[in-house]
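Everything on this sheet refers to the single structure shown next.
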Amino acid sequence: MPWVETTSPHFAARHELVDDEDVAGLLELLEGTRERLTTAFATIPGDVEVVVHGSDTALAAAQPYLPILRRMVAPAARRYLVGWLAATRSTSSPRGCSSLTPRTSRARAR
């Protein structure tokens, strides 16, 4: 499956072509959240890179410690691990994060 990039004013998302519509909605949500955060924080990142993975396996390949950490924390805390790992890894962009696609997240919630 080919990868493409979808952009919004403050975010750039790399993802599989099949997830184009879902990622556009995800970027809208991120832009809205960013807008709300500007009233609470003096500085908000301008250009954030988001890599949207289509499977748990792809996400685990990008962040190999993630499956281990998921087993070590409470279920409610698991959603925060991916962003935390991206922020703490020296090889990652400090302005980037990884995520599962909305379709994958919905499937996991069932």
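The values are calculated or read from the model by the stated rules, or taken from the named source; none is laboratory data. Being a predicted model, the structure only gives us computed values, none of them experimental. Positions of Cβ are generated from backbone atoms using ideal geometry, with glycine treated the same way; all protein chains shown enter the neighbour counts.
Filter segment 85-110 down to the residues that are β-branched (Val, Ile, Thr) and farther than 12 Å from residue 56 by Cβ, then identify the one that is modelled with the lowest pLDDT.
91
Considering each residue of segment 6-47, count those that are of a type in the set (Asp, Glu), under 22 Å from residue 104 (Cα atoms) and either in contact with a His (Cβ under 8 Å, 6 or more places away or on another chain) or surrounded by 14 or more Cβ atoms within 10 Å (Cβ to Cβ) (or both), and give that number.
Residues meeting the conditions: 4.
If you check every pair at least six apart or on different chains, which have Cβ atoms under 6 Å apart with a residue in segment 61-75 that is in contact (Cβ under 8 Å) with a residue 12 or more places away in the chain first and a residue that is of a type in the set (Ser, Thr, Tyr) second?
62/98
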